[in-house]
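Presented below is the structure to which this report refers.
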Amino acid sequence: MTAQPALDDRWTIADLDHLNPHQPYEIIAGDLYVIHAPHWRHQEVCDNVAELLRVWSRETGLGRVATGPGVIFSEADNVIPDVVWVQQDRLGAIVDEAGHLTAAPDLVVEVLSESAKDQVRDRQVKRKLYSSQGVQEYWIVDRFQKRIELYRRSETHLERVATLLATDRLTSPLLPNFSCEVALLFR
């Protein structure tokens, strides 16, 4: 049986009930994306990012970190970012009973996969979605080039503010006193 989107050719969360329950999917602007299991190295970088954020979060008590959470912005926009961070005082208000985020995390981190199609989705499609939904900061981690593209919210959208190389230090006004050498993310 081949699954079909809703009548208007836009996929929604309800359509996922008719697909393979063991396969992860994302829906962005009503378009369906099949998510493939990440490369071992991709997952290591995600874990490194999450670990550094988690240690800082525990020390400060300012927020919480999750890897691979479901983020449901709307019926036609739901994604599974690699890593998110949410301010502690917002978390209870934006997590539903099923444990999904229902509003923008403060920080979203996507680690690039090898596929050019996946890189376009992270750099363009997801950045546009995160920008429109109110994400405050977006990090695109390039494990191949060992660099991070930093986007921060301007008044209306996410704007690229820096590209950090392995020898640079990663800091953020969103994360007071957080600082780490970029190379640590790729160890």
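The values are calculated or read from the model by the stated rules, or taken from the named source; none is laboratory data. These figures come from a predicted structure and were not determined experimentally. Reconstructed Cβ throughout: ideal geometry from the backbone, glycine too, with neighbour counts over all protein chains shown. Side chains included, ligands, DNA and RNA excluded: accessible areas come from the protein's heavy atoms. Shrake-Rupley method; radii C 1.70, N 1.55, O 1.52, S 1.80 Å.
For this structure, a couple of remarks:
- One residue from 56, 11 being among the aromatic types (Phe, Trp, Tyr), surrounded by 15 or more Cβ atoms within 10 Å (Cβ to Cβ) and closer than 25 Å to residue 137 by Cα: 56
- Annotation for the range 39-46: at least one member residue is within 30 Å of residue 180 (Cα to Cα), in contact with a Phe, Trp or Tyr (Cβ under 8 Å, 6 or more places away or on another chain) and surrounded by 15 or more Cβ atoms within 10 Å (Cβ to Cβ).
- Residue tally, condition of a type in the set (A, V, I, L, M, F, W, C), over 18 Å from residue 112 (Cα atoms) and either open to solvent by less than 30 Å² (accessible area, probe 1.4 Å) or in a helix (DSSP H, G or I) (or both), over the range 171-187: 3
- Residues that are acidic (Asp, Glu) and touching a helix residue (DSSP H, G or I) at 6+ places or on another chain (Cβ under 7 Å), drawn from the range 157-185: 168
- Test: residue 132 is modelled with pLDDT under 95 and farther than 20 Å from residue 65 by Cα: no
- Taken together, the criteria place residue 90 among residues that are open to solvent by 60 Å² or more (accessible area, probe 1.4 Å), at pLDDT 95 or above and over 30 Å from residue 187 (Cα atoms).
- One residue from 146, 128 being on the phi > 0 side of the Ramachandran plot and surrounded by 14 or more Cβ atoms within 10 Å (Cβ to Cβ): 146
- Positions within the range 15-31 being modelled with pLDDT of 95 or more, more than 17 Å from the chain's Cα centre (by Cα) and open to solvent by 50 Å² or more (accessible area, probe 1.4 Å), in sequence order: 31
- Counted residues, the range 124-155 - those being part of a helix (DSSP H, G or I), within 11 Å of the chain's Cα centre (by Cα) and not aliphatic (A, V, I, L, M): 3
- Flag if residue 121 is of a type outside the set (A, V, I, L, M), open to solvent by 30 Å² or more (accessible area, probe 1.4 Å), in contact (Cβ under 8 Å) with a residue 24 or more places away in the chain and assigned to a helix (DSSP H, G or I): no
- Being closer than 20 Å to residue 139 by Cα and touching a Pro at 6+ places or on another chain (Cβ under 6 Å) is a property that holds for residue 84.
- Contacts under 6 angstrom Cβ, first residue in the range 149-165 being in contact (Cβ under 8 Å) with a residue 24 or more places away in the chain, partner open to solvent by 60 Å² or more (accessible area, probe 1.4 Å) and in a strand (DSSP E or B), 6 or more apart: 151/160
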